[in-house]
Amino acid sequence: MRKYVIAAIAGTVAGAAIATQVAGPLMAQEAARNASVYQQLDLFGDIFERIRAQYVEEVEPEKLIEAAINGMLTSLDPHSSYLPKKDFDAMQVQTRGEFGGLGIEVTQEDGYVKVVTPMDDTPAAAAGIQPGDFITHVNGESVLGLTLDQAVEKMRGPVGSEIVITVVRQGTAEPFDVSIIRDKIKLTVARARLEGSTAVVRLTTFNDQTYPGLEAGLKKVFEEAGGADKVNGVVLDLRNNPGGLLTQAIKVSDAFLEQGEIVSTRGRKPGDGERFNATAGDLTGGKPLVVLINGGSASASEIVAGALQDHRRAIVVGTKSFGKGSVQSVIPLRGDGAMRLTTSRYYTPSGRSIQSLGVHPDVLVEQPPRDPAADTAEAPKPRGRSEAELRGSLKNDSMSEDERRLLEEEAARAEASAKLRKDDYQLAYAIDILRGLSAVARQ
């Protein structure tokens with residue numbers, strides 16, 4: 001027994017010696033790292049005092065510190081930034097769905113401002129700004145070298161004032177100027193309508209109004225159709241939707257799912273992750289669903305599209321989405337400001353991250369570029385003649401009045417479909433998919 005005790009004590013002593021040998025270098029490394037950090041902070045203090053004392057013009061210390069904080073955050077990624085009080089207040093107003101500006105969602109790439117998407121029914125959309133456009137100058141001043149917040153600040157201004165932005169667009173040889181009149185942006189985040197027997201719901205952003213707008217919109221179109229049984233399916237249009245609140249993306253996804261994971265987030269530490277699951281209840285009663293996306297669909301839009309795609313609840317149609325798969329936390333700071341900090345990545349139910357990859361549609365459908373010449377009046381194109389138009393042709397005496405009415409309604413639907421295909425090819429394609437699924441279900 002004594003041997004075992006001695007062996008145990010010897011083992012404990014040996015373990016302590018090994019732990020000391022391992023922990024010693026680690027502690028030394030940590031101390032060296034801390035010393036390096038303090039040296040850098042001392043360097044920052046030296047530079048700060050040198051600027052205050054010797055810069056050619058007097059600079060307010062608060063502005064220097066604010067610029068240093070913002071520079072530290074923006075060096076991390078395009079979505080982290082410092083929000084002074086006025087910007088923090090503006091962001092809170094925007095999440096409620098009403099703010100002033102041009103109506104564009106932007107990011108930064110290669111030092112320039114890149115348009116993620118223009119928002120529906122805003123001055124930017126009316127001026128023809130497109131996803132993927134680069135803004136290089138604002139009122140003749142270059143934005144190169146500015147932070148994203150500084151560039152956005154230059155684009156803000158009083159309602160009714162004019163701004164001229166210089167745009168570089170892929171496929172256009174030279175930069176060109178676009179004049180826009182600033183306006184108060186009040187977003188209608190959910191628009192619902194009937195296209196034939198299909199309910200079409202367009203979501204323009206994800207703010208506090210999004211899920212209530214979706215719920216009310218679906219209820220309205222089902223009533224217009226004469227009941228949910230008269231609707232063959234739903235198109236959820238997320239094209240050019242730049243995203244917004246994670247909570248709203250979860251609610252919108254849950255609106256079409258009965259169970260299962262919607263999205264998970266993973267932070268720097270294993271314990272920082274979260275998982276969000278669907279609850280029972282489908283606003284459509286299980287109707288066939290098509291989700292429309294494009295390169296302007298980002299963030300929260302991609303959460304919804306990815307969740308519905310992974311659960312095979314929807315067919316995703318359009319083009320690859322933007323690829324913003326990170327989550328920003330807004331952290332209030334002293335002085336009534338805040339910082340927007342990227343704290344985690346999000347993952348679709350199958351465990352895939354879409355960061356820089358985007359959501360790939362199940363059916364790739366490009367939107368043909370609009371031809372301005374096609375909008376001008378032109379001579380009608382000749383068309384083939386039918387049997388009914390031939391002189392002396394026999395009449396169809398077996399067609400009842402109901403059959404004749406149904407034929408006329410079908411002709412009207414075909415004409416409306418042809419017009420929609422010309423105006424919005426991707427949407428027409430989505431509706432055709434639902435029409436085809438409905439025809440198969442009736443077999």
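Excluding ligands and nucleic acids, what accessible area in Å² is computed for Lys63 using a 1.4 Å probe, to the nearest 10?
130
Using the eigenvalues of the Cα gyration tensor, what equivalent ellipsoid semi-axes result for segment 178-306 when each is taken as the square root of five times the eigenvalue, whole Å, largest first?
Calculated on Cα positions only, the semi-axes equal 25, 22, 12 Å.
Semi-axes of the equivalent ellipsoid for segment 244-329, please: Cα gyration tensor eigenvalues, times 5, square-rooted, ordered largest first, whole Å.
Gyration-tensor ellipsoid for segment 244-329: 21, 17, 10 Å.
Along the Cα→Cβ direction, 7 angstrom out, place labels at Arg421 and Ser75. What is the inter-label distance in nm?
5.7
Label points 7 Å out from Cα along the Cβ direction at Gln170 and Leu357: separation in nm?
About 2.0 nm, to one decimal.
Just to be sure I follow: if Rg is taken over the C-alpha atoms of segment 114-237 and Rh is the Kirkwood radius over the same atoms, what is Rg/Rh?
That ratio equals 1.11.
With every protein chain kept in the model, how would you rank Ile129, Ile65 by accessible area, 1.4 Å probe, largest at the top?
Order by accessible area, largest first: Ile65, Ile129.
Rounded if a/c is under 1.5, else prolate if a/b is larger than b/c, else oblate: which is segment 208-261, with a ≥ b ≥ c the root eigenvalues of its Cα gyration tensor?
In terms of gyration-tensor shape, prolate.
How do Met155, Met91 stack up against each other in accessible area, from largest to smallest, with a 1.4 angstrom probe?
The ranking, largest first, comes out as Met91, Met155.
Could you pull out every residue, at least 5 positions away or on a different chain, whose amide H is within less than 5 Å of the one on Asp183? Hs are placed 1.01 Å off N in the peptide plane, and Pro or chain starts have none.
Here Gly101, Gly160 satisfy the definition.
What pairs from Lys230/Lys419; Lys220/Lys419; Lys63/Lys251 go past 30 Å between their alpha carbons?
Result: Lys63/Lys251 exceed 30 Å.
May I ask you to order 71-77, 354-360 by the average number of other C-beta atoms within 10 Å around their residues, highest value first?
Top to bottom by mean Cβ count within 10 Å: 354-360, 71-77.
Once phi is turned into ³J(HN,Hα) by the Karplus curve 6.51 cos²θ - 1.76 cosθ + 1.60 with θ = phi - 60°, what whole-Hz value does each residue of segment 222-229 show in order, with x for glycine and proline?
After applying 6.51 cos²θ - 1.76 cosθ + 1.60, I find 5, 5, 4, 6, x, x, 4, 5 Hz.
Report the FRET efficiency, 1/(1 + (r/R0)^6), for Ala126 and Leu43, where r is their Cβ-Cβ distance and R0 is 51 Å, rounded to 0.05.
0.55
Give me the net charge for the shell around Ala278: Cβ to Cβ below 9 angstrom, other residues only, Lys and Arg +1, Asp and Glu -1.
Charge balance in the 9 Å sphere: -3.
The values are calculated or read from the model by the stated rules, or taken from the named source; none is laboratory data. This structure is a prediction, so every number in the text was calculated from the model and none was measured. Because the Cβ atoms are built from the backbone with ideal geometry, glycine has one as well, and the counts that use them run over all protein chains shown. Note: accessible area is taken over every heavy atom of the protein model, side chains too, but ligands, DNA and RNA are not part of it. Shrake-Rupley method; radii C 1.70, N 1.55, O 1.52, S 1.80 Å.
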